[in-house]
1. What number of residues within segment 1-38 satisfy the criterion of being under 12 Å from Leu49 (Cβ atoms), at pLDDT 90 or above and of a type outside the set (Val, Ile, Thr)?
2. Only one of Ile103, Ile28 is under 24 Å from Asn5 (Cβ atoms) and either part of a strand (DSSP E or B) or out of contact with any Phe, Trp or Tyr (no Cβ under 7 Å at 6 or more places or on another chain) (or both); which?
3. Kindly indicate whether Ile23 is within 22 Å of Phe6 (Cβ to Cβ), surrounded by 13 or more Cβ atoms within 10 Å (Cβ to Cβ), β-branched (Val, Ile, Thr) and over 15 Å from the mean Cα position of the chain (by Cα).
4. Kindly establish whether Leu110 is surrounded by 16 or more Cβ atoms within 10 Å (Cβ to Cβ), in contact with a Lys or Arg (Cβ under 8 Å, 6 or more places away or on another chain) and within 17 Å of Trp19 (Cβ to Cβ).
5. If you check Asp43 against the conditions, is it exposed (fewer than 11 other Cβ atoms within 10 Å of the Cβ), at positive phi and assigned to a loop (DSSP other than H, G, I, E, B)?
Amino acid sequence: MIIINFNDYIQKLETYCYWDARIVDISIATFFNNIDMYLELNDNEYLQLSFIQCYNIKFEHYFEYQKNIDYCKLKKQQIPYFIQNIEGEDLNIYDYIKYHIKIDMFPGVLELYCNSLNVKKVSGFVLGIE
């Protein structure tokens, strides 16, 4: 489902009760053009948040939260990122940057600008981790 405005996006997300969901993967494709974030809803269902045609992508990991393990070797239960809040606004910059998004995913924050948003439920997602 392609989203028209940010309020529609949040309303769609809220139907899935995504708060405090574990983020099990973030994939970045084609020179940071597209970002897909996968939230665990239950053992076999995930919510895919897609940010399309991205600009000014910024990810901050809090210094106070030490990375004591190689993140490439994390088991799903060890992934420390959980959705706390998603904020955003509709924009019109150069007629193609339509959204500003900020995701609080303790212990980090993802902020970006993009042209399109998409949200869908997926089943049987295979993680690149154990």
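The values are calculated or read from the model by the stated rules, or taken from the named source; none is laboratory data. In this text, all values refer to a predicted model and were calculated from it rather than measured experimentally. Note: ideal-geometry Cβ built from the backbone for every residue, glycine included; neighbour counts use all protein chains shown.
1. 7
2. Ile103
3. no
4. yes
5. no
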